[in-house]
2 protein chains.
Amino acid sequence: MEAKSVHLKTYCDEGMPGPEHFDITTTAVNVDDLQDGDIVVKASVMSPDPYLRSQIKNSASTAGLAPKPLGSVMSGFIAGKVIASKNPKWTVGDLIGASLPFQTVQIVSAAALQSTVAWKLTDLVDEAHVSHGVGVLGMPGSTAYGGLIDVLAAKHGETIFISGAAGAVGGLVGQIAKKIFNCTVIGSCGGADKCEFIKTKFGFDHAIDYKQYPDADSLTAAIKAVAPNGIDMYFDNVGGIHFEAAFSSLRPHGRIAVCGGISQYNQAVRNNVSINPLQMIYTYQRIEGFMCMPWLRGVKGNFFPDMSRWLKEGKFHIQETNFEGIENWPAAFQSLFTGGNFGKVVVRV
Amino acid sequence: MEAKSVHLKTYCDEGMPGPEHFDITTTAVNVDDLQDGDIVVKASVMSPDPYLRSQIKNSASTAGLAPKPLGSVMSGFIAGKVIASKNPKWTVGDLIGASLPFQTVQIVSAAALQSTVAWKLTDLVDEAHVSHGVGVLGMPGSTAYGGLIDVLAAKHGETIFISGAAGAVGGLVGQIAKKIFNCTVIGSCGGADKCEFIKTKFGFDHAIDYKQYPDADSLTAAIKAVAPNGIDMYFDNVGGIHFEAAFSSLRPHGRIAVCGGISQYNQAVRNNVSINPLQMIYTYQRIEGFMCMPWLRGVKGNFFPDMSRWLKEGKFHIQETNFEGIENWPAAFQSLFTGGNFGKVVVRV
């Protein structure tokens, strides 16, 4: 069986990643010769996500990982279907979400299934909506869920500020905050169209076009204009001046969930932020970093039951920006950094 | 009855506080004319604590409080005895710890007892050890207890770095970490004598003389020399380069408890620290500010039973630096900033 995959061609330590950094290659996969425990996964969608930016740097990553070898296949979140199985846990026809190599058809061993994260989407969505497996019922959804509910410990009626608000994670954070916790929800994103979009489609109360605010002081003033008493929570997808402005806007008992820093990803050296930790003492403030894994794996919280129920109840407006074909994965990935995306960017393969 | 009290004479926005900033005055207290609910407290000891530094600034404090009026009496933690009572909860002879005006004899109304924090030391210590009420069984003890156990969520065998390690709070944090959690305990303090002291008396595993390290990089190297794999926890009493060095030494799942910033208190403008929050994401790191109140009030944890039991079991070396007489409260306060103190500074009145 023929399969296509996305490979790292050259490192991009700095600046805008694009098609020139990747190769799409074709290989043959012998799906007739399976070992016990193997399944064959046919990807329907592949996900470009901002966190992958660090995988294509030659320099030491923030996570302290060794650089990815040139020529190796890119890995990330996909959703698709099990088309063959010698694994008792998986049935042919099962819908699956997983972190796997970006390859259209692949054999996944029992050991690989164990060491990565993979979950059954069957019964949660029908095949027409399998792309939810890389969105609301996948990494972005579990990031939004865990970050808002457990890391930020959202309380009803609080005020939350969310950067990257038009994106896959930020949009869901805002919608859960609004629909489940009745929060006052402030989002920042780039441009008037996105500002309008997060208010009308995602139900944000206020939108801040960050492109109007060149530094932390002016962004702080913009937050103050819509939240005169400050913010209780900040969900950080952006870093940089957003972090500083949010920190200085934080009310007593305020919390910051550090989830991403897309303003920094294309820089060779990431800027530090400047804060005064003394502010945190009498106010019992907290800053906490996290990623989705504990919630996506079910170690913490109740992500799949809660999120799929809310989805069925129509609580969310799901917005996707689609790219067709694995050949367009690099362009789709680039769109995350040019501001070309509304909601979840999905590559349909 | 004659009483003496400590008053703010002039503000000290910057630089070293000293006797010139305070007045000691004598007033008459009519203890024969009590209202229902009143008690009369005779202070045995008064506590100079670093957090009081912000009370004598005219500039806006970190806590956002209005400046203290000149001439007003200083307030802080005291321990002493109830010498008269029209309050059913208090008996003549009771030992008391409380946050109250620094006045040798004073009437405290039921409303004042309610709005401040006050606790009974009777049954926990005998009168000869009433100074524990401003130390191990008071603000410093509850700060160490709550910070280590709940904010840092210490686990057995972890590595902790503590700044201000020879002080009232830091010394107790290290001793609880060692005796109760069997942690590897690293302390920083100023000078060879204090380094020797925290190792031999408090049982710290390693001592770092911070005066040898002029910047965050060299301090980071000093931490690395004794903790090659980094630290799991940092208890911050100092701020500045200590915070930055600890942050960059933090292991995955590392936590920082922000409790104080004595390196900054004598400055008119406090320095920010520079950190990269992206470091916190994949590592699930956390920074949290706190003060003692939830534990001292019994809202969180089990401070008085736990701490008094450990004290009785001989788990702690209690070190006090004593000053005699309320007239020496300003000199005692100054000693916190000159490095003249070993353990808890106590003013006996």
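At a glance:
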read-out	value
Size of charge dipole - region A:243-310 - debye, nearest 20, with Cβ of Lys, Arg +1 and Asp, Glu -1, no other charges	160 debye
Fraction of beta bridges assigned by DSSP in region A:88-226 that are antiparallel (%, nearest 5)	25 percent
For chain A, radius of gyration divided by Kirkwood radius, i.e. Rg to Rh on alpha-carbons	0.98
Whole-Hz ³J(HN,Hα) from phi, Karplus 6.51 cos²θ - 1.76 cosθ + 1.60, for region A:254-267, glycine and proline x	x, 10, 10, 9, 9, 10, x, x, 4, 5, 9, 5, 8, 8
Rounded accessible area of B:Asp32 (nearest 10 Å², 1.4 Å probe)	140 Å²
Amide H contacts of B:Thr321 (H built 1.01 Å from N, under 5 Å, at least 5 apart or other chain)	B:Phe342, B:Lys344, B:Val345, B:Val346
Nearest residue to the symmetry axis between B and A, taken on chain B by its Cβ, in whole Å	B:Ile287, 2
Other-chain or far-sequence residues with amide H under 5 Å of A:Tyr234's (modelled H)	A:Phe161, A:Arg255, A:Ile256, A:Ala257
Surface share of carbon and sulfur [accessible, 1.4 angstrom probe, percent] for region A:24-132	53 percent
Solvent-accessible surface (1.4 angstrom probe) belonging to B:Arg309, in square angstrom, nearest 10	110 Å²
Cα gyration tensor, region B:265-349 - rounded (a/c under 1.5), prolate or oblate	oblate
Degrees separating the helix B:168-179 axis from the principal Cα axis of chain B, which is the longest one	60 degrees
The protein assembly as shown - accessible surface per residue (Å², probe 1.4 Å)	38 Å²
Test item: Cα-centred dipole of the protein assembly as shown, Lys/Arg +1 and Asp/Glu -1 on Cβ, debye	700 debye
For B:Thr26, label point 7 Å along C-beta direction: distances to other copies, nm	10.3
With Cα atoms, 0 to 90° folded angle of helix B:303-312 axis to chain B main axis	80 degrees
Positive-end extreme of charge dipole, chain A - chosen from A:Cys183, A:Pro48, A:Ala332 (charges on Cβ)	A:Cys183
Alpha carbon centroid spacing (whole Å) that separates region A:1-60 from region A:152-206	32 Å
Region B:1-152, Rg to Rh (Cα coordinates; Rh as Kirkwood inverse mean 1/r)	0.98
Lys pairs under 18 Å by Cα in region A:3-109, provided they are eight or more residues apart or on distinct chains	9
Loss of accessible area when B meets A, both sides summed, Å² nearest 100, probe 1.4 Å	2900 Å²
Lys/Arg +1, Asp/Glu -1 at C-beta; the protein assembly as shown dipole; positive extreme among B:Gln106, B:Leu311, B:Pro69	B:Leu311
Region B:84-143 pair-distance distribution - Cα-Cα, 10 Å bins, rounded %	21, 56, 23, 0
With DNA, RNA and ligands ignored, accessible area of A:Thr184 (1.4 Å probe; Å², nearest 10)	50 Å²
Antiparallel DSSP beta bridges within the protein assembly as shown, as percent of all bridges there, nearest 5	55 percent
Rounded Å value of the spacing that divides the Cα centres of region A:287-317 and region A:233-251	23 Å
Sequence-distant lysines (8 or more away, or on other chains) whose Cα lies within less than 26 Å of B:Lys211	B:Lys178, B:Lys194, B:Lys199, B:Lys201, B:Lys224, B:Lys344
Only Lys, Arg (+1) and Asp, Glu (-1) charged, at Cβ; region A:161-247 dipole about Cα centre in debye	340 debye
Cα gyration tensor, region A:207-246 - rounded (a/c under 1.5), prolate or oblate	oblate
Share antiparallel - DSSP beta bridges, chain A, percent rounded to 5	55 percent
Tensor-based shape of region A:1-59 (alpha-carbon gyration tensor, a/c under 1.5 rounded, otherwise prolate or oblate)	prolate
For A:Ala192, label point 7 Å along C-beta direction: distances to other copies, nm	7.1
Solvent-free Debye scattering, log10 I(q)/I(0), computed from the Cα coordinates of the protein assembly as shown at q = 0.05, 0.08 Å⁻¹	-0.30, -0.70
Of A:Ala166, A:Ala177, A:Ala268, the one that fluctuates the most in a GNM where chain A has Cα springs shorter than 10 Å	A:Ala268
Ellipticity estimate at 222 nm from DSSP helix runs (n ≥ 4, -39,500 (n - 2.57)) divided over chain A, nearest 500	-6000 deg cm²/dmol
Phi-based couplings in Hz for region A:98-107 (Karplus 6.51, -1.76, 1.60; Gly and Pro marked x)	6, 9, 8, x, 6, 9, 5, 10, 7, 8
Backbone HN-Hα couplings from phi across region B:140-152 [Karplus 6.51/-1.76/1.60, Hz, Gly and Pro as x]	x, x, 6, 5, 4, 5, x, x, 6, 7, 9, 6, 7
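The values are calculated or read from the model by the stated rules, or taken from the named source; none is laboratory data. What you see is a predicted model, and the numbers here were worked out from it, not measured in a lab. Ideal geometry is used to build each Cβ from the backbone, glycine not excepted, and the neighbour counts take in all protein chains shown. All accessible areas refer to the heavy atoms of the entire protein, side chains included, with ligands and DNA or RNA removed. Shrake-Rupley method; radii C 1.70, N 1.55, O 1.52, S 1.80 Å.
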